[in-house]
Amino acid sequence: MAILQILEFPDPRLRKIAPPVTVFDAKLEVLINDMFETMYEAEGIGLAATQVNLHKRLLVLDTSEEKDSPQVFINPTYAVIDEELTEYDEGCLSVPGFYETVARPSSIKVTSFDKSGEPFELVAEGILSTCIQHEIDHLDGKLFVDYLSTLKRQRIRSKLEKEHKKSA
C-alpha cells in the first residue's frame, strides 16, 4: 500500500468532474487500499479519488470513532429524504486547518456500487450523511468552501497560497 499525495485548495485539479468507474479489477482494489491508508494517515474520515488526483467516481470513508468501519462507494448518487438541514463544522483534507459550518440535508438515500461492482443502497443520517455529501461534492468538482461567503473563501485561499509558497 502507498500514501498518496492529497491535492490542496486552490489546486484546479480539485475542480475536475470525475467520470464513472467502469472496470472493477485488482488495480481498483489497490487504489481503494491506498486511499484508505492515505485517509487514515491524514486523520480524515473521508477521501474522494479526485483529492488524490485520480479522477474516478470513487470515495472511501470511515466515520467510526475506532476507525474500524471502512466503507467504499463507487459511482455514488443520493436522493434527499429529509429536507431539514443539519449544520456541521466541516473540515477537509484538501483544505487543511480550516473548519467552517455548512448546512446539508440531514437524511439521504445513497445508491452505489461496492468494490466488487455489486450495487447497494443505504439510508444515511447525521455525520455519515454529511460525509457522503461532502465527498460526492468532490467528485463533482465542488469543495466545502464553495458553501461559504466569497470573503471567507478568499481568506482561506490566500492563507493556503501563502502556506504553499512557504513550503515550496
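The values are calculated or read from the model by the stated rules, or taken from the named source; none is laboratory data. All values derive from a computational prediction rather than experimental measurement. Please note: Cβ atoms are built from the backbone with ideal geometry, for glycine as well, and neighbour counts cover all protein chains shown. Surface accessibility is based on the protein's heavy atoms, side chains included, excluding ligands, DNA and RNA. Shrake-Rupley method; radii C 1.70, N 1.55, O 1.52, S 1.80 Å.
Some points to look at:
- Residue that is farthest from ASP146 (Cα to Cα), among those in segment 87-109 that are open to solvent by less than 40 Å² (accessible area, probe 1.4 Å) and of a type in the set (Ser, Thr, Tyr): SER107
- One residue stands out among those in segment 1-51 that are among the hydroxyl-bearing types (Ser, Thr, Tyr) and part of a helix (DSSP H, G or I): the one that is surrounded by the fewest Cβ atoms within 10 Å (Cβ to Cβ), which is TYR40.
- Of all the criteria given as (1) within 30 Å of VAL23 (Cα to Cα); (2) in a helix (DSSP H, G or I); (3) hydroxyl-bearing (Ser, Thr, Tyr), the one not satisfied by TYR78 is (2).
- Among the residues here, GLU121 does not qualify as surrounded by 14 or more Cβ atoms within 10 Å (Cβ to Cβ) and not aliphatic (A, V, I, L, M).
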